[in-house]
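Here is the structure we will look at.
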Amino acid sequence: MNAATDAAHAAEVTRETFNDVMVPNYNPVAIVPDRGEGSRLWDTSGREYIDFAAGIAVSAVGHCHPKLVAALEEQARKLWHVSNLFTNEPALRLAKKFCAATFAERVFFANSGAEANEAALKLARKYQSAHGRGDKIEIIAFEQAFHGRTLFTVTAGGQPKYAEGFGPLPGGFTHLPFNDVAALEAQISDKTCAVFLEPLQGEGGVRPASPEFMQACRELCDKHGALLILDEVQCGNGRVGQLFAYQHYGVVPDILSTAKGMGGGFPIAAMLTKAAIAECFVPGTHGSTYGGNPLGCAVAEAVFDLVSAPSTLANVTARSEQLRAGLLALGEKYGVFTEVRGLGLLMGAELSEKYAGRARDVVTASLNHGLLVLNAGFDVMRFAPPLLISESELTEGLARFEQSLKTLV
């Protein structure tokens with residue numbers, strides 16, 4: 001398209017169009033992104049931004065990576081969909097790679113993190129029931145967690161605001177303080193079906209589990225015959241500098257869910273588990289119309305090859321140190337942060353008392369200075385740049401962030 005055609009196309013819709021045609025469950029920012037390349041985005045007016053958000057940790061290898069584009073185009077010319085009456089080669093290749101690189105022996109593909117978590121919770125209950133333990137139904141989850149928007153997963157999440165008005169909610173859940181070993185020891189029992197947690201809470205304020213807490217979860221599950229389910233929807237797929245966060249902790253789960261960065265922007269998710277647990281999901285017990293479709297799996301295989309590469313994981317570690325140091329320096333200089341925390345390239349910066357409740361203002365100020373950042377609640381800034389972001393791009397992004405902070409102090 002020429003410049004005139006581009007301009008006409010952009011004029012067809014604006015941010016205001018959202019208010020006219022979309023359900024108002026989102027409140028998008030003022031710009032409308034138009035195209036992306038690597039760690040940069042351009043909006044419909046042609047303005048450029050550095051991306052420290054990556055679509056909420058989804059665009060793991062940046063925007064329009066050539067290998068993802070090639071994988072999608074090649075598969076689009078071969079096969080799009082066959083339903084779960086059949087299997088397909090991209091799904092089988094991807095599942096083999098997950099099994100070879102992780103604890104998993106079996107894989108179930110879905111379309112979103114919520115669906116992967118739904119499958120994980122159902123599998124845990126089904127496993128206990130299939131082994132004659134139908135009364136073993138309690139699922140222990142944790143405060144400030146986020147596991148999705150289905151009724152089952154929103155109940156599992158430890159943030160009541162997301163479940164308000166949707167009752168009655170599914171039963172059998174207990175919520176405990178995150179990172180509290182004593183509370184877990186006091187609650188878990190032989191009636192507990194599973195312990196369900198994010199190794200690194202995302203929406204809950206970018207809070208890493210302590211090594212002691214992760215170890216306690218594993219040991220107490222073993223003691224009481226409960227399953228350990230890890231939600232790595234946001235922190236998986238190379239984001240913490242390991243392929244999955246459980247590898248950082250040295251604690252092996254029974255079931256793991258993942259999505260977001262798995263498809264690099266293409267909707268796909270997975271539940272990973274062991275063969276002995278998976279066998280209770282016999283034909284007809286669970287399914288997904290689109291889960292494991294050839295298009296999504298072809299793209300996700302390309303993502304897997306990129307994010308599991310030693311060079312990518314090394315870059316995550318190096319850029320993590322650079323990002324943490326930069327945020328600590330800015331926090332000290334402007335008195336804006338009380339703590340910088342996180343793992344790899346999922347970093348959180350808690351706002352000081354002076355700026356309490358102004359996380360959305362920081363998002364807006366950053367946007368005005370050509371930088372996309374995230375918030376995690378009202379008091380925490382969240383940073384999740386693409387895993388392949390360069391040192392110079394991170395430096396430039398931090399400089400833009402400093403300019404945005406200057407407008408708020």
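Which values, in whole Å and largest first, are the semi-axes of the equivalent ellipsoid of the chain obtained as the square root of 5 times each eigenvalue of the Cα gyration tensor?
Equivalent ellipsoid semi-axes, largest first: 34, 27, 20 Å.
Between Leu85, Val154, Phe98, whose Cα lies farthest towards the positive end of the dipole of the range 67-307 when Lys and Arg beta carbons carry +1 and Asp and Glu beta carbons carry -1, centred on the Cα centre?
Leu85
Taking each pair of distinct Cα atoms in the range 67-307 once, what is the resulting Kirkwood hydrodynamic radius in Å?
Taking the inverse mean of 1/r over all distinct Cα pairs, the range 67-307 comes out at 18.1 Å.
Excluding residues fewer than 8 places away in the same chain, name every one of the lysines whose C-alpha is closer than 29 Å to that of Lys97.
Lys67, Lys78, Lys122, Lys126, Lys260, Lys274
Count the DSSP beta bridges whose two residues both fall in the chain, then state the antiparallel fraction as a percent rounded to the nearest 5.
Restricted to the chain, the bridges split so that about 65 percent are antiparallel.
Quick one: among Pro283, Pro294, Pro199, which has the greatest mean-square fluctuation in a GNM of the chain with alpha-carbon springs under 10 angstrom?
Pro283
Mind listing the long-range amide H neighbours of Glu138? Cut-off is under 5 Å, sequence gap 5 or more, other chains count too, H placed in the peptide plane at 1.01 Å from N.
Close amide H contacts, sequence-distant or interchain: Cys193.
Based on the mean of other beta carbon atoms within 10 Å per residue, what is the order of 138-145, 38-45, 284-291, most packed first?
Output ranking for 138-145, 38-45, 284-291: 138-145, 38-45, 284-291.
What is the Cα centroid distance between the range 322-350 and the range 365-379, reported in whole angstrom?
Result: 14 Å between the Cα centres.
Any idea which of Val251, Ala194, Gly241 is furthest toward the positive side of the dipole for the range 172-261, if Lys and Arg beta-carbons carry +1 and Asp and Glu beta-carbons -1?
Of the listed residues, the answer is Gly241.
What is the fewest-to-most order of Cys217, Cys280, Cys235 by other Cβ atoms lying within 10 Å of their Cβ?
Listed from fewest to most nearby Cβ atoms, that is Cys280, Cys217, Cys235.
Got a sec to turn the phi values of the range 157-169 into Karplus ³J(HN,Hα) couplings, 6.51 cos²θ - 1.76 cosθ + 1.60 with θ = phi - 60°, whole Hz, x for Gly and Pro?
Once θ is set to phi - 60°, the couplings for the range 157-169 become x, x, 10, x, 4, 7, 9, 4, x, 10, x, x, 8 Hz.
Considering only DSSP states other than H, G, I, E and B, which GluC sites (Glu not before Pro) in the range 75-137 qualify as loop sites with at most 16 other Cβ atoms within 10 Å?
For GluC sites (Glu not before Pro) across the range 75-137 that sit outside H, G, I, E and B with at most 16 neighbouring Cβ atoms in 10 Å, the list reads Glu105.
How would you rank Lys260, Lys136, going from fewest to most other Cβ atoms within 10 Å of each one's own Cβ?
Ordered from fewest to most neighbouring Cβ atoms within 10 Å, Lys260, Lys136 come out as Lys136, Lys260.
Among the DSSP beta bridges whose two residues both lie in the range 197-293, what percent are antiparallel, rounded to the nearest 5?
Restricted to the range 197-293, the bridges split so that about 60 percent are antiparallel.
Straight distance only, please: which aspartates and glutamates reach the Cα of Lys333 with their own Cα at less than 14 Å, same-chain residues fewer than 8 apart left out?
Glu402
Evaluate the relative contact order of the chain (contact order divided by residue number), counting alpha-carbon pairs under 8 angstrom at least 6 apart; express in whole percent.
22 percent
Give me, ordered by chain and number, the residues 5 or more places off Glu143 or on other chains with an amide H under 5 Å from its own placed amide H.
Leu176, Phe178
Which GluC sites (Glu not before Pro) in the range 245-341 sit in a loop by DSSP (not H, G, I, E or B) and have at most 14 other Cβ atoms within 10 Å of their own Cβ?
Glu279
Using Cβ counts within 10 Å as a stand-in for footprinting exposure, how do Phe244, Phe152 rank, fewest first?
So the ranking, lowest neighbour count to highest, is Phe152, Phe244.
Name the long-range amide H neighbours of Gln201: under 5 Å, sequence gap of 5 or more, or other chain; modelled H, no Pro or chain starts.
Those qualifying (amide H under 5 Å, at least 5 residues apart or on another chain) are Arg207, Ala209.
The numbers here are math on the coordinates, done by the rules we state, and not lab data. This one's a predicted model, so the numbers in the text were calculated from it and none came from an experiment. Cβ: placed from backbone, ideal geometry, glycine included. Neighbour counts: every protein chain shown.
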